[in-house]
Amino acid sequence: MTTTSLNTADWPATYPRDYVVVDVETTGLTARDRVISVAAVLLDAHGAVAGRWSSLVDPRRDPGPVHVHGLTAGDLAGQPLFEEIADEFADLLTGRVVVAHNASFDWKMLDAEYRRLGRTVPAEERLCTVTLAKRLELPLPNWRLASLATHYGIRQLKAHDAEDDARVLSEAFRFALHEAARGDLPLPLTRALVAARESLRRVIQDNYPGLNGGAP
């Protein structure tokens, strides 16, 4: 299924001006794990591609579920450390809304990487495309990226590859963004302060699973 684009003259004035679609592959699912691949697609206010960037990352540890992401220790050996790409990646995030599928996970992993460097994710807002798909009431069998891609007629070339996943999501997000704009729906934006509190709560849960509650 595809949809027609909205005339930009009718675009909601409250929508953000710039987005960066992000996908990460990691050694595992907790904040103790490490990013091993990251990709970003820069989009303008209406979802048109303004740039692309990606990098492998040497985690200096076991790469984790190779059967999922396909990256071996040999693939990652000698690649940049996260600290070596942190500034370049930060430039892409700054001033843009971070868009990701199940965004709380990608944000958590990036937040953990930047916190190891004594920094925070340099973005003010994020947007989860799972939440956006639900708000649009898309008739999907589940909320996986593959289902979103099928709905919009987008071909996945390599699932769980950061670069291809970011490409697929950027194309799907453009369709969804125009659908939301056509209905003048508020976008499900999460402010950085809320995201930071959530990340802290997840870090505590990941590292101290016996504790109840977490960050306030």
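The values are calculated or read from the model by the stated rules, or taken from the named source; none is laboratory data. What you see is a predicted model; the values in this text were computed from it and never measured. Note: ideal-geometry Cβ built from the backbone for every residue, glycine included; neighbour counts use all protein chains shown. SASA here: full protein model, heavy atoms, side chains in, ligands and nucleic acids out. Shrake-Rupley method; radii C 1.70, N 1.55, O 1.52, S 1.80 Å.
Some values worked out for this structure:
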{"item": "Residues that are touching a residue at least 40 places away in the same chain (Cβ under 8 Å), touching a Phe, Trp or Tyr at 6+ places or on another chain (Cβ under 9 Å), in a helix (DSSP H, G or I) and open to solvent by 20 Å² or more (accessible area, probe 1.4 Å), drawn from the stretch 82-129", "result": "L92"}
{"item": "Enumeration of residues in the stretch 4-45 that are out of contact with any helix residue (DSSP H, G or I) (no Cβ under 9 Å at 6 or more places or on another chain), open to solvent by 20 Å² or more (accessible area, probe 1.4 Å) and either under 23 Å from A86 (Cβ atoms) or free of Cβ contacts under 8 Å to residues at least 24 places away in the same chain (or both)", "result": "N7, A9, A13, D18"}
{"item": "Residue match in the stretch 71-81 (condition: without any contact (Cβ under 8 Å) to a residue 60 or more places away in the chain, part of a helix (DSSP H, G or I), in contact with an Asp or Glu (Cβ under 6 Å, 6 or more places away or on another chain) and not charged (D, E, K, R))", "result": "yes"}
{"item": "Test for L132: is it touching a strand residue (DSSP E or B) at 6+ places or on another chain (Cβ under 6 Å), in a helix (DSSP H, G or I), within 30 Å of Y152 (Cα to Cα) and not hydroxyl-bearing (S, T, Y)", "result": "no"}
{"item": "Residue list for the stretch 161-181, filter: closer than 15 Å to A39 by Cα and either acidic (D, E) or not in a helix (DSSP H, G or I) (or both)", "result": "D161, E163, D164, D165, E171"}
